[in-house]
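The values are calculated or read from the model by the stated rules, or taken from the named source; none is laboratory data. These figures come from a predicted structure and were not determined experimentally. As a convention, Cβ positions derive from the backbone with ideal geometry for all residues, glycine included, and neighbour counts pool all protein chains shown. To get the accessible areas, we keep the full protein, side chains included, count just its heavy atoms, and leave off ligands, DNA and RNA. Shrake-Rupley method; radii C 1.70, N 1.55, O 1.52, S 1.80 Å.
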Amino acid sequence: FSYSGEAYHYLAQVVAHLNGLTLSHLDSLFQQEVAIPLGMKDAYFSWNHRMARHKVTGYKEDGPVYDKWEAADAMYADSTVFGAANALHTEAVSYARFLIAMMEHNGLKKESVAEMLKMQSSIPKEQEANWGEIKGWGLGFAIEPTDHGIRYSHGGHNPGFLAGCMFYKAQKNGYVFFLNDDRAGLFFARLRAFLGEGKSPH
C-alpha cells in the first residue's frame with residue numbers, strides 16, 4: 001500500500017518504450033510534455049550544464065555532502081538516465097507551477113488530475129496510528145482528510161536535502177519548499193502546522 005520507488009522506475013521504462021526512447025533520452029519527452037507547457041523553467045530528471053552551474057551543496061549534521069550525483073545513485077550510475085522516483089532536480093517556483101496546474105487543471109486533463117488524486121491505496125487499519133492524518137495514497141500524493149478539506153502532500157529526503165509540498169485543491173492554496181539541509185525536520189513540522197493546519201508553531 002505504501003510508496004514504491006521501483007514502480008516509478010518501471011513506469012518510466014514503459015513510457016520510454018512506448019515512445020521509442022531510451023531512459024537516457026526520456027527527459028526530452030518530460031520537457032516537451034510537462035515542463036515547458038507548465039512553465040517549469042528549472043525541472044530536470046537528467047544532468048545538464050545548467051544544473052552543473054546552479055545545483056547547491058547539501059548539508060548534513062557533520063558537514064557538507066560532496067558526493068556527485070553519479071556516486072549517490074546506486075541504481076543508476078549514469079546521471080543521464082531518467083530516475084523517475086528520485087532524480088527530479090528543481091526549485092520551488094518551478095515545482096509550485098506543477099502544483100498550481102494540479103489545482104487549476106492548467107495543461108493537465110481534468111480526468112488525469114482526478115486519477116492522480118483519487119485514493120489508490122488505503123492505510124491498513126492496524127497501521128493507521130503510524131501515519132497520522134494520512135489515510136491513503138493517490139498517484140504520488142498522500143491523502144489527508146482534515147477539517148479544512150482534503151490535504152494532498154508529498155515529501156522527499158536525500159542526504160543533505162529535504163523537500164515537501166502540500167495543497168488543498170478545493171481552496172486552491174498550499175506551499176512547497178526545497179532545503180539543502182537534512183536537519184530541517186523541525187522547520188517542516190512548524191511550516192506544516194502554520195500553513196497547513198492554521199496553528200501557531202511552538
Exercise. Can you find even one residue in the range 113-126 that is free of Cβ contacts under 8 Å to residues at least 24 places away in the same chain, basic (Lys, Arg) and either over 18 Å from GLN31 (Cβ atoms) or open to solvent by 50 Å² or more (accessible area, probe 1.4 Å) (or both)?
Worked result: yes
For this session: Those residues that are more than 18 Å from ALA84 (Cβ to Cβ) and not acidic (Asp, Glu), I need them from the range 143-160; list them, please.
Result: ILE143, PRO145, THR146, HIS148, GLY149, ILE150, ARG151, TYR152, SER153, PRO159, GLY160
Problem set entry | Test result for SER94, assigned to a helix (DSSP H, G or I), touching an Asp or Glu at 6+ places or on another chain (Cβ under 8 Å) and open to solvent by less than 60 Å² (accessible area, probe 1.4 Å) | yes
Exercise. Which one is least open to solvent (accessible area, probe 1.4 Å), of the residues in the range 152-183 that are assigned to a loop (DSSP other than H, G, I, E, B) and closer than 25 Å to MET103 by Cβ?
Worked result: LYS169
Exercise. Of the residues that make up the range 24-37, is at least one part of a loop (DSSP other than H, G, I, E, B), at positive phi and out of contact with any helix residue (DSSP H, G or I) (no Cβ under 6 Å at 6 or more places or on another chain)?
Worked result: no
Exercise. Taking the range 38-65 as the search range and keeping residues that are out of contact with any strand residue (DSSP E or B) (no Cβ under 7 Å at 6 or more places or on another chain) and assigned to a helix (DSSP H, G or I), which one is surrounded by the most Cβ atoms within 10 Å (Cβ to Cβ)?
Worked result: ARG50
For this session: Please state which one of GLY83, GLY149, GLY136, GLY132 is of a type outside the set (S, T, N, Q) and within 29 Å of TRP47 (Cβ to Cβ).
Result: GLY83
For this session: Pull up the range 112-150, narrow it to residues that are assigned to a strand (DSSP E or B) and touching a Lys or Arg at 6+ places or on another chain (Cβ under 9 Å), then point me to the one that is farthest from PHE194 (Cα to Cα).
Result: SER122
